[in-house]
Amino acid sequence: MVRIIMHGCNGHMGQVISQLAEQDPGTVIVAGIDIADQGKNSYPVYTNIEDCQEEADAIIDFSTAKAVDALLDYSVKRQIPAVVCTTGLSEAQLAELEESAKKVAILKSANMSLGINTLLKLLQDAAKVLASAGFDMEIVERHHRLKVDAPSGTALALADSLNEAMGNTYHYVYDRSQKREKRDDKEIGISAVRGGTIVGEHEVIFAGPDEVIEFKHTAHSKAVFGKGALEAAKFLAGKAPGLYNMSDVIER
């Protein structure tokens, strides 16, 4: 049984993960951390992370960027591995995360979905065959109208995976509206759509002479990210210090 501290327990994803953990016989949430105890959880909730002294095997973090500094300090101090799912971290915070990973196991991923992270691996194999044969690579991502960043972190991770497969020789183009020139051979185009309540869709297109191959991942609910986070917590429990990602979870 993996004992988990839920950091950001009263947020939407914190509640999704809390419900999933109750249905998972291999996990239990022993405590939560949030700015206020709303009295809606079956486990104790602390408004100050330092007050939480429950024994745990892993921390799952779905909070805000400003709360991550204290989380990393706590994780290192108590030697509890942390799955950091919060996005929008600054360069300084990412550097601090890498330093913390030298002292305790940390897992960071742009997307916690097991499906997306499997897709990242498949795309590398496809790129080595198709891009090498002259196929153009394009990414189209779609999210709900409230998402403020574009392109999504997942779209960038997909682009990075394609680029890595090709020896990091490609460059990214986010907006062609100001360009009046033909497409460059070493280009990965990334387009963002925002509207409605789309949870998340990512499409990777390989367009070649007389044929098109498409890879697509659609998230129908945020539960896919919660399931991935729980699998990551199970994987991270008991691991030696180091910086891990979801590809490590898939390959275990």
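Table for the structure above
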{"read-out": "Computed accessible area, Thr47, all protein chains, 1.4 angstrom probe, square angstrom", "value": "90 Å²"}
{"read-out": "For the stretch 222-232, Karplus couplings with θ = phi - 60° (6.51, -1.76, 1.60), whole Hz, Gly/Pro x", "value": "6, 4, 5, 6, x, 4, x, 5, 5, 5, 5"}
{"read-out": "Relative contact order, percent, the chain [alpha-carbon distance under 8 Å, six or more residues apart]", "value": "23 percent"}
{"read-out": "For the chain, accessible area per residue (1.4 Å probe, heavy atoms of protein chains only), Å²", "value": "49 Å²"}
{"read-out": "Rounded to 5, percent antiparallel among DSSP beta bridges of the chain", "value": "35 percent"}
{"read-out": "Projected-area average for the chain over all orientations - Cα convex hull basis, square nanometres", "value": "14.8 nm²"}
{"read-out": "Trypsin sites (Lys or Arg not before Pro) restricted to the stretch 1-79 and DSSP loop, no more than 14 other C-beta within 10 Å", "value": "Lys40"}
{"read-out": "Candidates Ser18, Ser42, Ser191, ranked by Gaussian network fluctuation over the chain, Cα under 10 Å, top entry", "value": "Ser42"}
{"read-out": "Equivalent ellipsoid semi-axes - Cα gyration tensor, the stretch 136-177, angstrom", "value": "21, 12, 8"}
{"read-out": "Lys pairs under 30 Å by Cα in the stretch 108-208, provided they are eight or more residues apart or on distinct chains", "value": "12"}
{"read-out": "Amide H partners (placed H, <5 Å) of Gly32, local residues excluded", "value": "Met6, Val45, Tyr46"}
{"read-out": "13 Å cut-off, amide nitrogen to a point 7 angstrom out along Val199 Cα→Cβ, residues in the stretch 117-154", "value": "144"}
{"read-out": "Nearest-20 debye value, the chain charge dipole, Cβ charges on Lys, Arg, Asp, Glu", "value": "240 debye"}
{"read-out": "FRET E, pair Glu164, Asp51, Förster distance 51 Å, beta-carbon r, rounded to 0.05", "value": "0.75"}
{"read-out": "Overall dimensions of the stretch 40-152 as given by Cα atoms, namely Rg and Dmax in Å", "value": "18.2, 58"}
{"read-out": "Global form of the stretch 190-252, assessed from the alpha-carbon gyration tensor, a/c cut-off 1.5", "value": "oblate"}
{"read-out": "Karplus (6.51, -1.76, 1.60) ³J(HN,Hα), θ = phi - 60°, over the stretch 129-143, in Hz, Gly and Pro reported as x", "value": "8, 7, 4, 5, 8, x, 6, 7, 10, 9, 10, 10, 10, 10, 9"}
{"read-out": "Packing-based ranking, highest mean first, of 107-115, 211-219, 49-57, 147-155 given that Cβ atoms within 10 Å are counted", "value": "107-115, 147-155, 49-57, 211-219"}
{"read-out": "Per-residue HN-Hα couplings for the stretch 115-124 [Karplus 6.51, -1.76, 1.60; θ = phi - 60°; Hz; x = Gly/Pro]", "value": "x, 4, 6, 6, 4, 4, 6, 4, 5, 5"}
{"read-out": "Carbon and sulfur %, accessible surface of the stretch 5-47 computed with the full protein complex present, 1.4 Å", "value": "51 percent"}
{"read-out": "Rounded accessible area of Glu203 (nearest 10 Å², 1.4 Å probe)", "value": "20 Å²"}
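The values are calculated or read from the model by the stated rules, or taken from the named source; none is laboratory data. From a predicted model like this one, the values you see are computed outputs, not experimental measurements. Reconstructed Cβ throughout: ideal geometry from the backbone, glycine too, with neighbour counts over all protein chains shown. Keep in mind that these areas ignore ligands, DNA and RNA; they rest on the heavy atoms of the full protein, side chains included. Shrake-Rupley method; radii C 1.70, N 1.55, O 1.52, S 1.80 Å.
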